[in-house]
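The block underneath contains the structure these notes are about, expressed in structure tokens.
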Amino acid sequence: MSEIVLDDVRKLSVEERLKLIEGIWGTITVEDTEIPLSAEDQVKLSRRYEDYLQTPDEGSSWEEVKARIQARNDTVIHMSRFAAAPLGGNK
């Protein structure tokens, strides 16, 4: 395996780094292996599952969570366009 030099990665553009991440992630997701949880994560998941069993009607459905995320992303995209606009309008 060739050595990856972090300084070389930093020289890549953001778009190139994102493509690199996608490529690396693709190699992980195609493998049929389980990613082990730490003991701390296992405790958190167990506690959250027990909380869910105690009060299954609390919380949000996936549809509600997804809608909130999309609304937040739409706001961020809108704000970034606004922030990129030149001050003072057209001259």
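Structure notes:
- Counted residues, segment 40-57 - those being among the aromatic types (F, W, Y) and either in contact with a helix residue (DSSP H, G or I) (Cβ under 8 Å, 6 or more places away or on another chain) or surrounded by fewer than 11 Cβ atoms within 10 Å (Cβ to Cβ) (or both): 1
- Of all the numbered requirements in (1) more than 20 Å from the chain's Cα centre (by Cα); (2) at pLDDT 90 or above; (3) open to solvent by less than 90 Å² (accessible area, probe 1.4 Å), I69 misses one, and that requirement is (1).
- Taking segment 1-11 as the range and being aliphatic (A, V, I, L, M) and either open to solvent by 90 Å² or more (accessible area, probe 1.4 Å) or in a helix (DSSP H, G or I) (or both) as the test, the residues that pass are M1, I4, L6, V9.
- Search result, residues across segment 12-31 that are surrounded by 10 or more Cβ atoms within 10 Å (Cβ to Cβ), over 16 Å from the mean Cα position of the chain (by Cα) and in a helix (DSSP H, G or I): E16
- L37 being out of contact with any Lys or Arg (no Cβ under 8 Å at 6 or more places or on another chain) and surrounded by 11 or more Cβ atoms within 10 Å (Cβ to Cβ): yes
- Lone unmet requirement of (1) exposed (fewer than 10 other Cβ atoms within 10 Å of the Cβ); (2) modelled with pLDDT under 85; (3) not acidic (D, E) for H78: (1)
The values are calculated or read from the model by the stated rules, or taken from the named source; none is laboratory data. Computed from a prediction, not measured in an experiment: that's the story for all the values here. Here the Cβ is made from the backbone with ideal geometry for all residues, glycine too, and neighbour counts use every protein chain on show. Note: accessible area is taken over every heavy atom of the protein model, side chains too, but ligands, DNA and RNA are not part of it. Shrake-Rupley method; radii C 1.70, N 1.55, O 1.52, S 1.80 Å.
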